[in-house]
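Chemist: Below is the structure I would like to discuss, written out as structure tokens.
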Amino acid sequence: MAVRGRHRRYQPNRINRASLTVTAGGAGMALPLIGTGTAEAADVDTWNKVAACESTNNWSINTGNGYYGGLQFKQSTWEAYGGTAYAPRADRATKHQQIAVAEKVLKAQGPQAWPVCSERAGLTRGGDAPDITPMSAPKKAAPKAPQREVKDVKPEVTPQSTAGRGQMYTVVRGDTLSGIADERRVSGGWRQLYEANRATIGADPDLITPGQRLAMQGQKKAQKAEAAPKPRTQPKQRAEPKAQPKPKPQAQKAEPKKAKPAQATQGMSAPVAASPSTPYRAAGGSWSKGYHTGVDFPVATGTSVKAVAAGTVVSSGWGGSYGYEVVIRHGDGKYSQYGHLSALTVKAGQKVGAGQRIARSGSTGNSTGPHLHFEIRTGPGFGSDVDPLAYLRAGGVRI
């Protein structure tokens, strides 16, 4: 039985973060970057509790909602209290550096800078000074930001090595056998390509992984087929060019296109072959809106995830708390979102059909176990959710 997991997207409410408006006096303070008085301090354990409430203790979190780091600093607050001396944003600073800035906010604004989480964590002005060294490791945090913002955002666009353009091909993220066969004009299509590389791919032709090296044996045969008819047809061209249709492997080239009708498939499909677990609008403090914005399907990592309807891929990559995600815009103006994925097989801008595999399920991002988080939205971003099961049932999906 698959683990019944559910996601936790932390996008704190307006009153639940270090974001109170900076007063003129607060913005003008020239507080020291290191060290605070014990009368206005809190120890590291207390700050850990505040961060656990604000961001599940993720000190480098950046969900794109305008609040950063473990203590959820607004950018203006971070700048006003000297945070840029450590890093441009709070999520790029170390834990000790964020606490050092938080101590200044606590001294100037009091625990109400974190009105909800301060009460849960027991944050007061009269605690012990934290044992921190904020200037000890700024260089260690800097290299991590590019990895999170560049490589994680679009892992599927890794360029194909020119070394793979001969008799071997290196699989990259987003590849499919039919796509490779079509691009390389493999004689016999994806079936021939699979037969030539069955030992490398395994029993499932739909499951190819980045880094695999595929032999282009079918491509070599196609090249010979195109070259061979030329000496035979040259003598006949003097009389009547009836032999010309033979060198054109139209039927062979058209074979990969037989897999494309899925893109034009009418109707709708379930995203996975499983029953839902955590329902839509389930209430709880685990979700920033106070309720579950989608529906969860408890499936094992690696399960095929399908597009519920035909449409165009809006985004395919890292989605913060959702981990790897895919968002698709459909013809009726609605958007479907698939979160916590382990592998992506489509790219932004790609056309997909109902029932076409777009990814494989997983447990990336803020997730307590393998499952698929599925949403239907009226817009591409978080916060425009509607009932996903009602949408599927209206399209004829029994679920």
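Coordinate-derived values only; no laboratory data. Keep in mind that what you see is a predicted model, and the values were worked out from it rather than measured. Using ideal geometry, Cβ is built from the backbone for each residue, glycine included, and neighbour counts are taken over all protein chains shown.
Chemist: Please compute the length gained on full extension between residue 75 and residue 120, using 0.36 nm multiplied by the number of residues separating them and subtracting their Cα-Cα distance. Mind dumping the intermediate values first?
Modeler: Numbers: separation 45, 0.36 × 45 = 16.20 nm, distance 2.40 nm.
My answer for the length gained is 13.8 nm.
Chemist: Ok, one more. How long is the gain from residue 215 to residue 312 if the chain were fully straight, where each residue apart is worth 0.36 nm and the alpha carbon distance is subtracted? Walk me through the numbers on the way to the answer.
Modeler: Working: separation 97, 0.36 × 97 = 34.92 nm, distance 3.14 nm.
Additional length available on full extension: 31.8 nm.
Chemist: Efficiency by 1/(1 + (r/R0)^6): what FRET value for residue 283 and residue 112, r their Cβ-Cβ distance, R0 = 30 Å, to the nearest 0.05? Working shown, then result.
Modeler: Working: r = 26 Å, r/R0 = 0.87.
It comes to 0.70.
Chemist: What is the calculated FRET efficiency for residue 351 to residue 300, with r their C-beta to C-beta distance and R₀ = 30 Å, to the nearest 0.05?
Modeler: My answer for the efficiency is 0.55.
Chemist: Using only Cα atoms, what is the ratio of the radius of gyration of region 271-399 to 2.2 N^0.38 Å?
Modeler: For region 271-399, the normalised Cα radius of gyration comes out at 0.94.
Chemist: Under a crude label model (7 Å from the Cα following the beta-carbon direction), how far is residue 85 from residue 45 in nanometres?
Modeler: 2.9 nm
Chemist: Using a 10 Å cut-off on Cβ atoms, rank the peptides 380-390, 175-185 from the highest mean neighbour count down.
Modeler: Values: 380-390: 15.7, 175-185: 19.3.
Output ranking for 380-390, 175-185: 175-185, 380-390.
Chemist: Using a simple spin-label model with points 7 Å from Cα along the Cα→Cβ vector, what separation in nm is obtained for residue 129 and residue 168?
Modeler: 6.1 nm
Chemist: Expected output is a single nm value to one decimal: the length gained when fully extending between residue 378 and residue 204, i.e. 0.36 nm times separation in residues minus the C-alpha distance. What is it?
Modeler: Details: separation 174, 0.36 × 174 = 62.64 nm, distance 3.56 nm.
Working it through step by step, the gained length comes to 59.1 nm.
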